[in-house]
Amino acid sequence: MPLIDVNGASVFYTDSGAPPGKPEAPVVVFGHGLLFSGWMFHPQVEALRGEYRCVTVDWRGQGESPAAAGGYDMDTLTADAVALIGRLGLGAVHYVGLSMGGFVGLRIAARHGEVLRSLTLLDTSAGEEDAAKVGEYRLLANVYRVTGVRPVLGRVKAEMFGPEFLASPGSGPVVEEWVRRLRRCRRAGIRRAVLGVVERPGISDELGRITVPTLVAVGADDVATPAVESERIAAAVQGARLEVVPGAGHSSTVEQPEVVSGLIREFLRGVPSSA
């Protein structure tokens with residue numbers, strides 16, 4: 001199992017390796033959303049691995065990364081990502097982050113732009129957590145810590161996925177696999193991850209520092225980080241491109257995988273090789 005030690009924590013990652021015949025292919029690093037893992041990018045990895053070396057990372061206490069005693073705040077996760085890029089010798093990378101992964105991506109781009117060639121932000125926000133949701137999310141985290149996911153599954157599903165996707169016949173296996181993977185994680189680690197997201201400070205005042213080519217995309221039915229949040233990012237980052245994904249909620253990579261993969265591929269092909 002590919003674990004790497006960064007900043008005192010063990011972090012799981014996957015690495016597709018360079019495509020055959022392309023040893024110097026650019027690298028795409030994927031950072032997942034809360035309650036997920038690098039698995040949520042498996043359609044994009046499959047779509048892009050013929051042109052790019054694709055690396056996914058599981059944040060502390062989620063996916064296959066063991067629970068850590070601390071370090072679940074967004075600044076520490078940013079340091080983890082930068083350290084991973086350095087330890088693997090990836091050079092400057094294209095970074096793709098969804099929700100929580102986007103919180104990290106914004107911080108990398110604003111503070112460590114030298115490690116990036118481009119930035120793709122999916123279903124994310126530059127602000128702090130909506131004050132109206134903070135209390136509910138803390139309660140859900142505490143309930144989950146004691147009882148597991150089943151008592152809160154209905155509420156969490158409505159945040160994670162859009163209604164059109166949940167009503168479709170193909171959503172069942174995806175949701176079941178997500179729940180199966182979530183249940184394998186230690187509850188204490190998931191609780192800390194949730195609190196790390198809930199308690200994050202905003203980064204809106206740093207968006208002007210982002211200079212790499214940037215794509216911002218959001219599911220049309222995203223209720224966790226509504227489209228207005230993506231609009232604010234795109235307006236503040238010079239030259240950013242904004243896309244809305246129809247028929248998707250907060251987890252657009254698995255709800256509309258072909259659309260999202262196509263957007264990322266088109267965007268990356270347009271990034272100058274010197275970026």
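Structure notes:
- Residue match in segment 56-65 (condition: more than 19 Å from ILE190 (Cβ to Cβ), in contact (Cβ under 8 Å) with a residue 60 or more places away in the chain and either open to solvent by less than 50 Å² (accessible area, probe 1.4 Å) or out of contact with any Ser or Thr (no Cβ under 7 Å at 6 or more places or on another chain) (or both)): no
- Scanning segment 69-83 for residues that are over 14 Å from VAL194 (Cα atoms), in contact with a strand residue (DSSP E or B) (Cβ under 7 Å, 6 or more places away or on another chain) and surrounded by 19 or more Cβ atoms within 10 Å (Cβ to Cβ) turns up ASP80, ALA81.
- Single residue of segment 152-168 satisfying the filter (more than 18 Å from the chain's Cα centre (by Cα) and not in a helix (DSSP H, G or I)) that is surrounded by the most Cβ atoms within 10 Å (Cβ to Cβ): SER168
- Checking each residue in segment 219-264 for being open to solvent by 60 Å² or more (accessible area, probe 1.4 Å) and not aliphatic (A, V, I, L, M) picks out GLU231, ARG232, GLN238, GLY239, ARG241, PRO246, GLU258.
- Close contacts from segment 236-252, counting a first residue that is within 14 Å of GLU164 (Cβ to Cβ) and a second that is surrounded by fewer than 17 Cβ atoms within 10 Å (Cβ to Cβ) and of a type outside the set (Gly, Ala, Ser), with Cβ to Cβ under 9 Å and a gap of 6+ residues or different chains, come to GLY249/PRO163; GLY249/VAL223; HIS250/VAL223.
- Where helices (runs of 4 or more DSSP H) fall wholly inside segment 1-113, the ranges with 1 or more residues that are under 12 Å from the mean Cα position of the chain (by Cα) are 74-87, 100-111.
- Residue that is modelled with the highest pLDDT [pool: residues in segment 169-188 that are open to solvent by less than 20 Å² (accessible area, probe 1.4 Å) and under 17 Å from the mean Cα position of the chain (by Cα)]: TRP178
- Extreme residue, most open to solvent (accessible area, probe 1.4 Å), among residues of segment 114-133 that are part of a helix (DSSP H, G or I) and not small (Gly, Ala, Ser): GLU114
The values are calculated or read from the model by the stated rules, or taken from the named source; none is laboratory data. Everything numeric in this text was worked out from a predicted model, so none of it was measured. Cβ atoms come from the backbone with ideal geometry, glycine included; neighbour counts cover every protein chain shown. For accessibility, only protein heavy atoms count, side chains too; no ligands or nucleic acids. Shrake-Rupley method; radii C 1.70, N 1.55, O 1.52, S 1.80 Å.
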